[in-house]
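Data block below; observations after.
What follows draws every value from the coordinates through simple rules; no lab data is involved. Only a predicted model underlies this, so the values are computations on that prediction, with no experimental measurement involved. Positions of Cβ are backbone-derived with ideal geometry, glycine not excepted, and every protein chain shown enters the neighbour counts.
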Amino acid sequence: MALREYRRKRDFARTPEPRGGRRRRRTREPVFVVQRHSARSLHFDFRLQHGSVLWSWAVPKGPSRDPRVKRLAVRTEDHPLAYARFAGVIPVGEYGAGKIAVWDRGTWRPCGDPELGLARGVLEFALDGEKLHGRWHLVRMRERRGSARESWLLFKGRDTDRCGTLPP
Ligand code: MN
């Protein structure tokens, strides 16, 4: 209602001005996103906002909502926060060439200090997305000698769990 006049005066096909609208969620909770990435091999990129970056993992099989199923999650480089809204096609020949689609998005809430958790290799958190909800865990596996990348396991917790169910 408040924006009717603003919009009446503008053709948003021509002006780069924002159309505005869906009120920006003034939430303090950080966002998470899961992007389906049809690269050389299909995988899901799981990203958790921390400040202005997205902590990122590539999950070949994607998250499983079955608490008995642990999924390999290979840590990748932090991405800019704006990437949480990115969907499109990375051209052939570029890094990660292929189509990226947002598979799920929402907010996440860490149990305790997330930086400490990341450093210790035990992240407990709750997701509030469209597809993924409730309690989740990311746990770093013991490094194999000479492995360049960190391997983690991503799995669903029991929603009755409280913070601190995993040993530090
Ligand atoms: Mn990817």
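Here's the yes/no breakdown for (1) more than 14 Å from PHE46 (Cβ to Cβ); (2) among the small types (Gly, Ala, Ser):
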site	(1), (2)
LYS70	no, no
ARG85	yes, no
GLU94	yes, no
GLY106	no, yes
GLU130	yes, no
THR160	yes, no
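Can you tell me how many residues within region 98-127 are touching a Gly at 6+ places or on another chain (Cβ under 9 Å) and either part of a loop (DSSP other than H, G, I, E, B) or acidic (Asp, Glu) (or both)?
Total satisfying the criteria: 4.
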